[in-house]
Amino acid sequence: MWLQKEIRLKARTRGFHLITDEVLRELPQLKQVSAGMLNVFIKHTSASLSINENADPTVREDFESFFSRVVPENQSYYKHVDEGSDDMPSHLKSSILGCSLIIPVTNGRLNLGTWQGIYLCEHRNHGGSRNLIITLQGE
């Protein structure tokens with residue numbers, strides 16, 4: 001089986017947000033797959049995807065603090081500045097974290113660890129809604 005669809009996520013504030021449940025709501029067909037893979041791809045250059053801690057929200061706060069320190073705004077060496085002080089750092093953070101995930105599917109469920117969840121990493125102060133392409137492959 002192959003299934004591909006585009007889903008639109010609501011706009012979120014800058015930061016790291018759990019979106020696992022939103023992705024699963026869009027995939028009722030997942031229950032039909034005994035073994036397969038799910039690819040999740042974000043169609044943006046200033047946001048990214050990651051898998052990490054899904055229980056303690058302070059982990060997501062620490063991620064934002066870390067990336068804001070490692071890739072700061074308002075640097076004199078940035079040339080791409082027309083879209084705001086958060087734009088170039090957003091592109092860099094997106095490249096560091098990546099734009100796609102591959103998650104195994106086993107017996108109709110995402111085969112994630114107990115404490116793992118899918119993150120939308122919103123790097124813009126006002127990024128707007130985000131589009132994902134989700135592709136499910138399996139039998």
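The values are calculated or read from the model by the stated rules, or taken from the named source; none is laboratory data. These numbers were taken from a predicted model, which means no experiment stands behind them. Quick reminder, even Gly has a Cβ in these numbers, built from the backbone with ideal geometry, and neighbours come from all protein chains shown. Please note that ligands, DNA and RNA were not included when accessible areas were found on the heavy atoms of the full protein model with its side chains. Shrake-Rupley method; radii C 1.70, N 1.55, O 1.52, S 1.80 Å.
Some notes on this structure:
- Considering (1) in contact with a strand residue (DSSP E or B) (Cβ under 8 Å, 6 or more places away or on another chain); (2) buried (at least 19 other Cβ atoms within 10 Å of the Cβ); (3) in contact (Cβ under 8 Å) with a residue 60 or more places away in the chain, the lone condition that Asn39 does not fulfil carries the number (2).
- The set of residues in segment 69-94 that are within 16 Å of Gly127 (Cα to Cα) and either acidic (Asp, Glu) or in a helix (DSSP H, G or I) (or both) comprises Glu73, Asp82, Glu83, Asp86, Asp87, Met88, Pro89, Ser90, His91, Leu92, Lys93, Ser94.
- Check on Asp56, open to solvent by 40 Å² or more (accessible area, probe 1.4 Å), acidic (Asp, Glu) and either closer than 16 Å to Arg109 by Cβ or under 13 Å from the mean Cα position of the chain (by Cα) (or both): no
- Flag for Glu73 being open to solvent by less than 70 Å² (accessible area, probe 1.4 Å), in contact (Cβ under 8 Å) with a residue 12 or more places away in the chain and touching a Lys or Arg at 6+ places or on another chain (Cβ under 8 Å): no
- Among the residues making up segment 96-114, those that are under 12 Å from the mean Cα position of the chain (by Cα) and either surrounded by 14 or more Cβ atoms within 10 Å (Cβ to Cβ) or not in a loop (DSSP other than H, G, I, E, B) (or both) are Leu97, Cys99, Ser100, Leu101, Ile102.
- The set of residues from segment 9-24 being outside any loop (DSSP other than H, G, I, E, B), farther than 11 Å from Ile134 by Cβ and more than 12 Å from the chain's Cα centre (by Cα) comprises just one member, Asp21.
- Residue-level check: of (1) in contact (Cβ under 8 Å) with a residue 60 or more places away in the chain; (2) surrounded by fewer than 19 Cβ atoms within 10 Å (Cβ to Cβ); (3) assigned to a loop (DSSP other than H, G, I, E, B), Arg124 misses just (2).
- Selection status of Thr45, in a loop (DSSP other than H, G, I, E, B), touching a residue at least 60 places away in the same chain (Cβ under 8 Å), polar (S, T, N, Q) and more than 29 Å from Asn107 (Cβ to Cβ): no
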